[in-house]
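Okay, structure first, notes after.
The values are calculated or read from the model by the stated rules, or taken from the named source; none is laboratory data. All figures in this text were calculated on a predicted structure; none of them were measured in a lab. Backbone-built Cβ (ideal geometry, glycine too); neighbour counts: all protein chains shown.
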Amino acid sequence: MIGRHHEGLRPLLRRGAARSPTAHITRPVEFDEARGHRAGPLSTRSYSVGVPDTAIPGPTDATTYTALHADATALLGDWQPTSPDAARARDRTLRLLDAGPIAMSRQHRPGHITASALILDATGSRVLLCLHGKFGRWVQLGGHCEPVDRTLVAAALREATEESGIADLRIDPVPIDVDVHPVQCQGGSLHHDVRFAVLAPPGAVEQVSDEAEELGWFPPDNLPEPLAGGTVQLVAPALAALRRSPLRLVP
């Protein structure tokens, strides 16, 4: 998931990110220090550099996420896990959802639901990854749920679109993985991340937004380093989703 602030990280992020010789990398537009965000057509959000997540406006009323909570509970309750680890993470996430709609909000410090997407190109021969602005690792695209999201599918598709700059993405509505991992935002929490496979249209061209340091297309069998630990496990189920009937893909 992409961090919302970039406290002095740009020099660090240019070191130690080994890349595949067949990878395609897109770097960001110029960083505007005075405005505190990257200039360019995709810089639609302009949180100041160094402002922690606690300063980002967010809902305080747990009922904001009632519909999204109901969707997440039903989706994960019916889901057939793709691995034993995913099954354990799904069970932990269902227990988290017992807290009610607040579990969908980043304000719930014991843990909250996030949504992410592994984007494949139209041929299924490359995946799109992002260099995480805070941790300096390559990772799939995704992030926190927002009040506008009515379903987890919508949340994952929104994040994928915002962070890739690619229009007309399609998403398989069946999750490919669930993962629970610690994060340090706002003093520490747990992300219960529900992951989806997303398909880019033919000829898609990514654009680095203020959500990312770099974007890159990589062959599934030659992913970049350093790579986030939970990313490699998405490749096989994402490719399997792509082989299923395209009628399952929804805009």
Any chance the stretch 57-78 includes a residue that's surrounded by 13 or more Cβ atoms within 10 Å (Cβ to Cβ), farther than 28 Å from LEU215 by Cα, among the hydrophobic types (A, V, I, L, M, F, W, C) and modelled with pLDDT under 95?
yes
The residue from PRO224, PRO246, PRO182, PRO251 that alone is surrounded by fewer than 18 Cβ atoms within 10 Å (Cβ to Cβ) and more than 17 Å from SER116 (Cα to Cα) is PRO246
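I'd like the full set of residues that are among the β-branched types (Val, Ile, Thr) and either under 23 Å from ASP210 (Cα atoms) or under 17 Å from the mean Cα position of the chain (by Cα) (or both), limited to the stretch 94-132.
Hits for the stretch 94-132 are ILE113, THR114, ILE119, VAL127.
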For the stretch 101-155, enumerate the residues that are modelled with pLDDT of 95 or more, basic (Lys, Arg) and over 18 Å from PRO175 (Cβ atoms).
ARG126
Note on the stretch 147-176: residues in a loop (DSSP other than H, G, I, E, B), surrounded by fewer than 19 Cβ atoms within 10 Å (Cβ to Cβ) and not β-branched (Val, Ile, Thr) are PRO147, ARG150, ALA167, ASP168, PRO173
Selection from the stretch 133-146 of residues that are part of a loop (DSSP other than H, G, I, E, B) and under 12 Å from the mean Cα position of the chain (by Cα):
GLN140, CYS145
Enumeration of residues in the stretch 212-224 that are part of a loop (DSSP other than H, G, I, E, B) and under 15 Å from HIS132 (Cα atoms):
ALA212, GLU213, LEU223, PRO224
Only unsatisfied item for SER209, checking (1) out of contact with any helix residue (DSSP H, G or I) (no Cβ under 8 Å at 6 or more places or on another chain); (2) of a type in the set (Gly, Ala, Ser); (3) not in a strand (DSSP E or B), is (1)
So ALA240 clears everything in (1) buried (at least 17 other Cβ atoms within 10 Å of the Cβ); (2) in a helix (DSSP H, G or I) except one condition, right? Which one?
(1)
The stretch 198-217: number of residues that are buried (at least 18 other Cβ atoms within 10 Å of the Cβ), out of contact with any strand residue (DSSP E or B) (no Cβ under 6 Å at 6 or more places or on another chain) and either of a type in the set (A, V, I, L, M, F, W, C) or at pLDDT 95 or above (or both)
1
